[in-house]
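A.B. asks: Just dropping this structure here.
Each reported figure results from applying straightforward, stated rules to the coordinates on display, with no laboratory input. Just so it is clear, the model here is predicted, and its values are computed rather than measured. Cβ: placed from backbone, ideal geometry, glycine included. Neighbour counts: every protein chain shown.
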Amino acid sequence: MASFKVFGAPLKIRYSGFFDWGGLYRLVWDWLQKRQFRVHEKRYKDKPDTPLGSEIEVDVTGEREVTEYYKYKVAVSYHLWESKEVPVIIKGKQGRRMRGRIHISIEGEVITDWQGRFKKNGLYKAMGEFLDKVILKYDRNIKYIDPLDKDLHRLEAEIKKFLKMETQASSVG
């Protein structure tokens, strides 16, 4: 089993201000489920309130088997600081929004031989390494890494749009 990162460094979004924390969380969760990922919340850590607000850390992962040999894994991490839920007026109605700073990190990877078929003994292991390094290198980059890369950039754009952040026009189709 080998793992290939989609990006050299994770995609990062930093935001400070008012935002709908529940809506943001639901947006990412639904986005992953719509693309048939099995979604898991790895960690939800809510540190006690301070006068400035609370600190929240959440890690969400999604996995999807693409073929019998390739599997996608996506990780979205949220880190909120000085966060407080405050009452606000939204379109003339009373509502609640989170106020604080948020840092979102998005990572993706393509995993080969996710079933472990090529790790049994020396010959199978050599065949698996040969497949990864020689035969399937082009196939892996063009058919599997590039589409996941584009999808994760679309997710980043959707998050920025949800937070009403200005984004540059992207050439991602």
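A.B. asks: If a paramagnetic tag sat 7 Å from the Cα of Y25 along the Cα-Cβ line, which residues of region 66-94 would have the backbone N under 19 Å from that point?
C.D. replies: Residues 75-88 fall inside that zone.
A.B. asks: If contacts are Cα pairs under 8 angstrom and at least 6 residues apart, what is the relative contact order of region 2-162 in percent? Write out the running numbers ahead of the final one.
C.D. replies: On the way: 280 pairs, mean separation 43.9, N = 161.
Relative contact order here is 27 percent.
A.B. asks: Please figure out what share of the DSSP beta bridges in the chain is antiparallel and state it in percent, rounded to the nearest 5.
C.D. replies: Numbers: 53 of 53 bridges.
In the chain, approximately 100 percent of DSSP beta bridges are antiparallel ones.
A.B. asks: Give me the net charge of T61's neighbourhood, meaning all other residues with Cβ under 13 Å from the Cβ of T61; Lys, Arg count +1, Asp, Glu -1.
C.D. replies: Numbers: positive: R38, K42, R43, R64, K71, K73; negative: E41, D59, E63, E107, E109.
Net charge in that neighbourhood comes out at +1.
A.B. asks: Now for a separate question. Around M127, what is the net charge, scoring Lys/Arg as +1 and Asp/Glu as -1 over all other residues with Cβ under 14 Å from its Cβ?
C.D. replies: Numbers: positive: R117, K119, K120, K125, K133; negative: D113, E129, D132.
Summing Lys/Arg as +1 and Asp/Glu as -1 gives +2.
A.B. asks: Continuing with the same structure: I'd like to compare 54-61, 122-129, 15-22: which one has the highest average count of other Cβ atoms within 10 Å, and what's the full order after that? Please report the intermediate quantities before stating the final value.
C.D. replies: On the way: 54-61: 17.6, 122-129: 12.6, 15-22: 15.6.
The packing order, highest mean first, is 54-61, 15-22, 122-129.
A.B. asks: Out of [x] 41; [y] 29; [z] 22, which label holds the value of percent of Cα pairs over 26 Å apart that was computed here?
C.D. replies: The listed entry that was calculated here is [x].
A.B. asks: Let me have the 222 nm mean residue ellipticity of the chain computed from DSSP H runs of 4+ only, each contributing -39500 (n - 2.57), with the sum over all residues rounded to the nearest 500.
C.D. replies: Numbers: 3 runs with 40 residues, N = 173.
Taking each H run of at least 4 residues, the total per residue is -7500 deg cm²/dmol.
A.B. asks: Separate question: Less than 12 Å Cβ to Cβ from I89, Lys/Arg counted +1 and Asp/Glu -1: what total charge do the surrounding residues give? Could the numbers behind the result be given before it?
C.D. replies: On the way: positive: K91, K93, R96, R97; negative: none.
Spelling it out: positives minus negatives among the neighbours equals +4.
A.B. asks: Here's something else I'd like to know. Where a Cα-Cα gap under 26 Å defines reach, which lysines qualify for K125, not counting those fewer than 8 residues away within the same chain?
C.D. replies: K5, K71, K73, K133, K137, K143
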